[in-house]
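The values are calculated or read from the model by the stated rules, or taken from the named source; none is laboratory data. Only a predicted model underlies this, so the values are computations on that prediction, with no experimental measurement involved. Neighbour counts are summed over all protein chains in view; Cβ atoms, including those assigned to glycine, are modelled from backbone coordinates with ideal geometry. The protein model used for the area step is the full one, side chains on, heavy atoms only, and it has no ligands, DNA or RNA in it. Shrake-Rupley method; radii C 1.70, N 1.55, O 1.52, S 1.80 Å.
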Amino acid sequence: MKCIFAVFLALLVLSCKKETAAAGSGSIYPEEAVGANHNGTYTITDEKALAAAWEANVDGPEKLTAFEIVKGTTEGDVAEDFYMLVARTQDGTAKVASLLQLKGDKFYFGSEDHDGSESYLLVICKGECDGGCLPVARKKDGVKHLICSSCADCEKNEKEAR
């Protein structure tokens, strides 16, 4: 009887390990590289998987397009370089962005306030402004975070993504 229980337990443990490995494949977690820096040319590792992951977190039926890695300078306490991944809805009314960290020549999701987490923050800027309703990075109290450009018709939403 103990032998049958041991075999059952071993099969249960093995099947759980296989499911966990399968569930993680193809997902875009903060520990997986999102893109690469090739001497100032930024490429995205798997845009199709990224689009599926982000579309699952953004309300509405809109497809996301025009994914790109952008380098900018923070607003706020200190002007400092930052990287973010940005996409837009097909109709152009919303921009979706997440901060990236450059480690070596690879880009990873995350920011200083989510470092080491199994999730990352998506910021959705929606609205129609003369200068555009765009995601912008700000550094305050030593922490970088995304905000939306200031204009009366620019609405910011945040989503946690995995």
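Could you give me the ³J(HN,Hα) list for segment 141-148, computed from phi with Karplus coefficients 6.51, -1.76, 1.60 and θ = phi - 60°, whole Hz, x at Gly and Pro?
Each residue of segment 141-148 in turn: 6, x, 10, 8, 8, 8, 10, 10 Hz.
Quick one: Debye curve from the C-alpha atoms of segment 80-162, no solvent, what's log10 I(q)/I(0) at q = 0.15, 0.23, 0.24 Å⁻¹?
Reported log10 I(q)/I(0), two decimals: -0.54, -1.11, -1.18.
Output ³J(HN,Hα) for segment 100-110: one whole-Hz value per residue in order, computed from phi by the Karplus curve 6.51 cos²θ - 1.76 cosθ + 1.60 with θ = phi - 60°, and x for Gly and Pro.
10, 10, 9, 10, x, 10, 10, 9, 10, 5, x
Please list, ordered by chain and number, the residues whose modelled amide H lies under 5 Å from the amide H of residue 45; skip anything fewer than 5 residues away on the same chain.
35, 36
List the residues, sorted by chain then number, that are 5 or more residues from residue 149 or on another chain and whose placed amide H is less than 5 Å from its amide H.
Answer set, sorted by chain and number: 134, 136.
Sort 96, 58 by accessible area with a 1.4 Å probe, largest first.
Reading off the accessible areas and sorting them downward yields 58, 96.
Would you kindly state how much longer the chain becomes between residue 65 and residue 93 on full extension, computed as 0.36 nm times their sequence separation minus their alpha carbon distance, in nm to one decimal?
8.9 nm
Putting +1 on Lys and Arg Cβ atoms and -1 on Asp and Glu Cβ atoms, find which of 121, 109, 142 reaches farthest to the positive end of the dipole of segment 78-162.
Checked the options; the winner is 109.
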